[in-house]
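Down below is the structure, laid out as structure tokens.
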């Protein structure tokens, strides 16, 4: 689960992370009032959407020479003008695609004198099983480009969960960032607070880009992005309340309500599979056969007929889907239940694209018999390779 920048800074503030003064506004008048309260010579108006690259983004509707989604202002009047220009409009960045995201609110933050821009992130390194800091002197730019072109400029510091963050960790990171004097002390306090916030909130990512060094030597987060482990939200009620469903993909949101694991992709072959590993293999073999998957969809190990029907509806809500491949291995799940769900779904949604079904496991013969007797245009497959080749051929008309 993701949250907005202003929400991330509210969370971090609870853990004594030094953040600049600011407030969220959902109208130009609110923005002007917040700016008057901040009363600074320099303030920044930031569009709040779940996407990076806001500063270089463009609004679909144009306006104010299309200055992007992050703008520096020098008065309350300017804050009002720029807020009015952004709120309610659609911002397009390199992460949103041409569809863009509607800006519902803007974050008004006081400005500061910046000496240097850095990069800092905390994430879970699954290879080592440890929380890991990523740090780079190349702040304020696309970190993916840095990792690709100059990977030597990224420093990694793993933290053993048995001992937690220690002073030597902080020194290593500070020195890797080229900090000196009081900035090292400031960074050490910041790193401890960030680590505590990351662990206490079950975060999966905490990214600050840029992390800045002020003229006075203070190390501060100028931006903040936080992602959270969805599986841990049951014990993070305060974090769950920050969820903005308007920022999520409608199909992925609908799937989560039915306990389905769904991720939309760019291909044309819809996939319904039980088990994440089998789903990944199914996607791979579709590509080997010359097509691309339209989604990742794992119905889990205990799918019911109703759940299968819902999964079909979600897959077909994607206009790019030209064919569907159902690949089920019935261990805990019974193939006859899946077959009943497939038949019910095809009848209910009035399927108009090719459907290939591969079943294997518990009650497989009964499942195949149910589909055969349904009289529906369901293409059976003997194995995964057979299923992939059949669905790709059906979509291509060969």
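So here's what we get for this one:
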quantity	calculated
Principal-axis tilt of helix 276-288 within the chain, Cα atoms, nearest 10 degrees	80
Considering only the chain, percent of DSSP beta bridges that pair antiparallel, nearest 5	75
Average Cα contact separation per residue, the stretch 21-110, under 8 Å, 6 or more apart, as relative contact order %	43
Burial order of peptide ranges 169-177, 314-322 (average beta-carbon count within 10 Å, highest first)	169-177, 314-322
Pair residue 153, residue 332: separation of 7 Å Cα→Cβ label points (nm)	4.7
Cα shape, the stretch 1-118, gyration tensor, a/c 1.5 rule	oblate
0 to 90° range, to nearest 10: angle between helix 167-176 axis and the chain longest Cα axis	80
Considering only the stretch 250-398, percent of DSSP beta bridges that pair antiparallel, nearest 5	20
Two-site label geometry, residue 128 and residue 263: point separation in nm, points 7 Å out along Cα→Cβ	2.4
Folded to 0 to 90 degrees: helix 384-396 orientation relative to the chain principal axis, Cα	80
Three-way shape label, the chain, alpha-carbon gyration tensor, a/c 1.5	prolate
The stretch 62-200 - Debye-derived log10 I(q)/I(0), Cα point model, q = 0.18 Å⁻¹	-1.09
Relative contact order of the chain, pairs being alpha-carbon contacts under 8 Å that are 6 or more residues apart, as %	12
Between the stretch 239-255 and the stretch 325-398, the Cα center-to-center distance that results, in Å	31
Cα-based shape type of the stretch 142-273, given that a ≥ b ≥ c are square roots of the gyration tensor eigenvalues and the cut on a/c is 1.5	prolate
Residue-averaged 222 nm ellipticity for the chain, from DSSP H runs of 4+ at -39500 (n - 2.57), nearest 500	-11000 deg cm²/dmol
Peptides 293-300, 350-357, 247-254 ordered by average Cβ neighbours within 10 Å, highest first	293-300, 350-357, 247-254
Per-peptide average of other Cβ atoms within 10 Å, ordering 126-136, 8-18, 368-378, 383-393 highest first	383-393, 8-18, 126-136, 368-378
The stretch 250-396 - Rg and Dmax from Cα coordinates, angstrom	13.3, 36
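Every read-out reported here was derived from the displayed coordinates using simple, explicitly stated rules and does not represent laboratory data. Since this is a predicted model, take the numbers as computed values, not measurements. For neighbour counting, all protein chains shown are included, and Cβ atoms are generated from backbone atoms with ideal geometry for every residue, glycine included.
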